[in-house]
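Derivation of every value follows stated rules applied to the coordinates shown; laboratory data play no part. Given the structure is predicted, the values throughout are model-derived calculations rather than measurements. When we count neighbours, we look across all protein chains shown, and the Cβ atoms used for this are built from the backbone with ideal geometry, even at glycine.
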Amino acid sequence: MTSLEIEGGVPLRGEVAVSAAKNAALPILAASLLTEEPIHIENLPRLADVRTISRLLQGLGTEITEADGGAVVRTPRLTGHEAPYELVSTMRASVLVLGPLLARSGRARVALPGGCAIGVRPIDLHLKGLERLGAEITLRNGYVEARARRLVGTRISFDLVTVTGTENLMMAAALAEGTTLLENAAREPEVADLAHLLIAMGAKIEGAGSERVEIQGVSGLGGARHRIIPDRIEAGTFLVAGAITGGEVTLRGAIPDHLTAVLAKLEEAGAAVQSGEDRVRVRGPERPRPADVITNPYPGLATDMQAQFMALLGLADGTSVITETIFENRFMHAAELRRLGASIETEGNRAVVRGVRGYQGAPVMATDLRASASLVLAGLAARGVTTVSRVYHLDRGYEAMEVKLAGLGARIRRTR
Ligand code: EPZ
């Protein structure tokens, strides 16, 4: 069981490069199904989730050739149309092949994602939207069976903001007949980055990144070259690392615009932040100040940053209230933070965090991707040694995190 062993108490100092965004890379790789032409992705993060979706795509006929930090991806012809349960159950973002498969071939058979650690996470809004475009959806033996002789554009209004729902529908609508209007669409930068690629492939999309996206279907899409945006959640995680250790960390290759809610919350918690063209610097406070956190769809504070802020606020000189509005069970890290000495009461989707003066190192266990990040952050601040087990959760979304942290002076190593 691979673990990370951290000897805390070292203020992090220095510069760290931000990797390409996981949550942009996944839909962008899925978009390769929409054309026979090659797509040259200049920068792909080396992550478990990217390897998972690559395996899934290769099973559908996609050829992926690594090329200097990125890859050339092409699907000359589909050799299948199924996303099997063993892959979907390990990564729910596998559902992102549903829209492209329907648009490309009129057929798709995708395992229904089970729940996951942070919540039930249904895909009913994806399916409703695809039915609105003319797909016939049947649920059978735990699989979504979808067929569409042709997809016809229409107006789709999402009951809830859904990131991958917006992305699935945008990809399906790109090859539908006529115009599709997505209302209450997700505004996350990763949605806009996917649209940026689709437009380069010949799609006609207006308004991506806003809550109203208009897609005029075209008869076919071509190849393109694309550079993926930096990962704002990895960036936010490293900013909190600088803040929680009372150090000074500069991120290279970040987009400050994608971090406004995170930077504002860090300042409220007593950190000093400075933004440049493509870099952001944080200087941690002696001790964090309390701050309330409410997660929201972008541009609100990302749910994917909630666990990291809980670790930081757990050391504040006062009480903070954290409200998680996106997922119904995303406080799994609270119990593990308590093992390090945090004083956190959770009730429903609210957590009351009473700051303590310090954490004491202890063995803790990761439960999901961002929870594992929050345990690493707490370990960096804790006195003594913290061992974070089940690090495979972390490897899903962070490229060589311990290498980057060690580059900032952290005493951290991976043990087999
Ligand atoms: C994306 O997941 C991200 N993953 C998640 O990041 C992120 O936490 C989430 O958006 C919210 O920002 C990727 O982009 C690959 P949603 P997604 O559909 O699209 C409910 C990480 O750590 N919902 O926006 O699956 C859903 O249950 C991961 O990198 C429905 O009810 O999230 C949730 O409560 C974790 N029906 C809310 O909407 C649907 O059909 C938001 O979910 C779809 C969603």
Inset, instruction - Could you please rank Phe331, Phe309, placing first whichever residue has the fewest other Cβ atoms within 10 Å of its Cβ? - result: Phe331, Phe309
Inset, instruction - Could you tell me, in Å, what Rg and Dmax come out for the Cα atoms of the range 271-376? - result: 13.7, 41
Inset, instruction - At 0.36 nm per residue, minus the direct Cα-Cα distance, what do Arg350 and Val321 gain on full extension? Give it in nm, one decimal, please. - result: 9.8 nm
Inset, instruction - Find the Cα radius of gyration of the range 1-68, compare it with 2.2 N^0.38 Å by division, and give the number to two decimals. - result: 1.51
Inset, instruction - For the chain, with a Gaussian network of springs between Cα atoms less than 10 Å apart, report the residue from Ala351, Ala25, Ala235 with the top mean-square fluctuation. - result: Ala351
Legend entry - GluC sites (Glu not before Pro) within the range 311-370: DSSP coil, no more than 16 neighbouring Cβ in 10 Å: Glu328
Inset, instruction - Before anything else, pin down the relative contact order of the range 111-238: Cα pairs under 8 Å, at least 6 apart, normalised by residue count, whole percent. - result: 20 percent
Inset, instruction - Could you name the lysines whose alpha carbon sits less than 25 Å from that of Lys128, not counting residues in the same chain fewer than 8 places away? - result: Lys204
Inset, instruction - Distance between Cα centroids, the range 2-62 to the range 211-233: provide it in whole Å. - result: 17 Å
Legend entry - Difference of contour (0.36 nm per residue) and Cα-Cα distance, Glu131 to Asp292: 53.9 nm
Legend entry - Simple label model, 7 Å out from Cα along Cβ direction - Arg107 to Ser157, nm: 3.6 nm
Inset, instruction - Please give the contour-minus-distance gain from Thr65 to Asp278: 0.36 nm per residue of separation, less the Cα-Cα distance, rounded to one decimal in nm. - result: 73.8 nm
Inset, instruction - Sort Tyr298, Tyr359, Tyr392 so that the residue with the fewest other Cβ atoms within 10 Å of its own Cβ comes first and the one with the most comes last. - result: Tyr392, Tyr298, Tyr359
Legend entry - For the range 322-391, alpha-carbon Rg over 2.2 N^0.38 Å: 1.06
Inset, instruction - Please work out the C-alpha center-to-center distance from the range 65-84 to the range 324-356 and express it in whole Å. - result: 40 Å
Legend entry - Residue list for the range 140-158, given a label point 7 angstrom along the Cα-to-Cβ vector of Ser219 and an amide N cut-off under 19 Å: 149-153
Legend entry - Under the Debye formula (equal points on every Cα, no solvent term), log10 I(q)/I(0) of the range 12-153 at q = 0.09, 0.16, 0.22 Å⁻¹: -0.29, -0.84, -1.40
Legend entry - Taking the convex hull of Cα positions in the range 201-314, its mean projected area over all directions (nm²): 8.3 nm²
Legend entry - Cα-based reach from Lys265 at 29 Å (exclusive), listing lysines while leaving out same-chain residues under 8 positions away: Lys22, Lys404
Legend entry - Semi-axis lengths, Å, the chain, gyration tensor of Cα atoms, sqrt of 5 times eigenvalues: 38, 21, 20
Legend entry - Estimated [θ] at 222 nm from DSSP helical runs (n ≥ 4, -39500 (n - 2.57)) normalised by residues in the chain, nearest 500: -8500 deg cm²/dmol
Inset, instruction - Write down Rg/Rh for the range 140-262, rounded to two decimals, with Rg from the C-alpha atoms and Rh from the Kirkwood relation over Cα pairs. - result: 1.09
Legend entry - Local net charge near Arg104, Cβ-Cβ under 11 Å (Lys/Arg +1, Asp/Glu -1): +1
Inset, instruction - Give the whole-number value, in cubic angstrom per residue, of the convex hull volume spanned by the C-alpha atoms of the range 255-315. - result: 70 Å³
Legend entry - Likely footprinting exposure, Thr295, Thr387, Thr138, fewest C-beta neighbours within 10 Å first: Thr138, Thr387, Thr295
Legend entry - Relative contact order of the chain, defined on C-alpha pairs under 8 angstrom at six or more residues apart (%): 21 percent
Legend entry - FRET E, pair Arg411, Ser89, Förster distance 35 Å, beta-carbon r, rounded to 0.05: 0.45
